[in-house]
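Below is one structure, written out as structure tokens, with a few remarks after it.
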Amino acid sequence: MKNIIFLILFSCIFLTNCSLIGSTRTAMIDEIPGPDIFEPMCIGRYQMDMPKGTIVSDLVFRSFDLKGKFTQNSSEDGEYGGLFSGNSRHQKWTDWVSKNSKENHGNNFNYIIDKNGNDYRILSTHVVFRPETKPSDMIETYIKKDFPSLKLSVGLKADPTKTIYFHSKYKDYKPYYQRFLKPIPEVTSLYKHQPWPHNQLGVCLDKNITFNTVKAADDEYLRVIYRYGQKTFFQFYFDAYPAGSYSELQEYISQKLGLLSMFASDYFTFGGHTGKLFLSGDRYNPEATRFRWYATDAKAGSTRNPYISIEGRVDINDFPEYRNMNNIDSDAIALAILSSLRPRENGLVGTK
């Protein structure tokens with residue numbers, strides 16, 4: 001693990017001499033400061049040294065047309081079920097599927113698939129949409145992946161846009177839908193209990209679950225928010241843009257950079273990716289730092305170089321170990337943590 005204390009020291013030196021900050025709040029310190037409160041945490045195909053006690057407050061992942069939320073289920077989860085725990089987790093998931101289907105279609109839907117397999121279950125609902133004008137069979141596919149050793153299940157949902165069958169084109173949707181269903185059990189089996197730390201292939205979702213795939217899906221997407229203390233947080237986006245969407249990707253990156261052009265910025269390489277970092281003071285707390293970093297080396301059609309952004313806030317008050325040390329502030333801590341981002345061992349295997 002990188003010595004993040006050294007990185008904080010380096011950050012203080014760097015920020016003192018760099019026009020990025022242009023402030024005397026950070027200056028070179030004479031000795032390496034006190035206790036190391038950091039530990040490596042996995043972030044998909046990467047890892048970063050984060051403060052001990054950091055928690056995942058939100059996590060959404062998509063791969064091979066299946067999308068799920070990997071935080072505890074709550075009434076606000078809406079489209080994605082989240083995690084279901086305890087002995088009643090199976091019934092909780094079933095109830096959530098029913099609730100979600102009724103919210104989407106009222107009482108007009110019916111179940112057409114109920115399939116149980118090795119630690120998974122598939123429920124599919126069907127409704128005829130716009131029967132009077134442009135009728136289509138709309139199917140929503142819900143998957144429960146169970147982790148018996150954890151007494152935990154996660155609700156996944158297939159991309160509903162892939163299972164709309166217009167009557168004008170499809171006389172019978174069933175064989176087409178069966179073709180769509182066929183790979184789902186295999187994809188579901190890739191979600192595995194892999195306690196962190198590890199060097200497994202794929203996407204590490206949290207300290208227990210990894211999507212253990214040999215080949216990255218073209219639609220791979222990860223959004224995760226980590227929180228520490230009262231006000232410190234890091235939000236990560238990894239989004240693989242499809243081949244052929246180069247203009248769309250570049251326009252989106254340019255838009256992000258343009259909106260922040262009034263803030264001091266400079267180019268930094270984090271995790272092997274070149275990007276532009278913006279640092280600014282927090283609106284409500286002058287001792288806190290807001291940061292935004294956008295990778296500028298993203299490539300359409302690439303899972304090794306997806307769109308990446310890291311945004312968040314570091315509040316020095318959440319770091320009492322450093323609060324009263326001269327010349328260490330939230331800028332230095334933010335840059336040190338960001339600088340610790342690196343690919344996990346075997347994390348990028350199977351990307352292109």
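Key figures for this structure:
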| read-out | value |
| --- | --- |
| Filter result for VAL187 (touching a residue at least 12 places away in the same chain (Cβ under 8 Å), under 16 Å from LYS69 (Cβ atoms) and touching a strand residue (DSSP E or B) at 6+ places or on another chain (Cβ under 8 Å)) | no |
| Residue list for region 293-352, filter: in a loop (DSSP other than H, G, I, E, B) and hydrophobic (A, V, I, L, M, F, W, C) | ALA298, ALA300, PHE319, MET325, ILE328, LEU341, LEU348, VAL349 |
| Filter result for PHE70 (touching a Phe, Trp or Tyr at 6+ places or on another chain (Cβ under 8 Å) and under 25 Å from THR232 (Cα atoms)) | yes |
| Residue match in region 294-304 (condition: more than 29 Å from ILE37 (Cβ to Cβ) and modelled with pLDDT under 90) | no |
| Entirely in region 37-101, the strands (runs of 3 or more DSSP E) that have 1 or more residues that are free of Cβ contacts under 8 Å to residues at least 60 places away in the same chain | 38-43 |
| Test: ILE209 is assigned by TED's automatic domain parsing to the domain that holds MET41 and crowded, with 22+ Cβ neighbours inside 10 Å | yes |
| Within region 269-290, tally of residues that are outside any loop (DSSP other than H, G, I, E, B) and either touching a Phe, Trp or Tyr at 6+ places or on another chain (Cβ under 7 Å) or exposed (fewer than 15 other Cβ atoms within 10 Å of the Cβ) (or both) | 9 |
| Qualifying residue in region 21-35 (condition: out of contact with any Phe, Trp or Tyr (no Cβ under 7 Å at 6 or more places or on another chain), under 29 Å from LEU205 (Cα atoms) and modelled with pLDDT of 50 or more) | yes |
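The values are calculated or read from the model by the stated rules, or taken from the named source; none is laboratory data. Given the structure is predicted, the values throughout are model-derived calculations rather than measurements. When we count neighbours, we look across all protein chains shown, and the Cβ atoms used for this are built from the backbone with ideal geometry, even at glycine.
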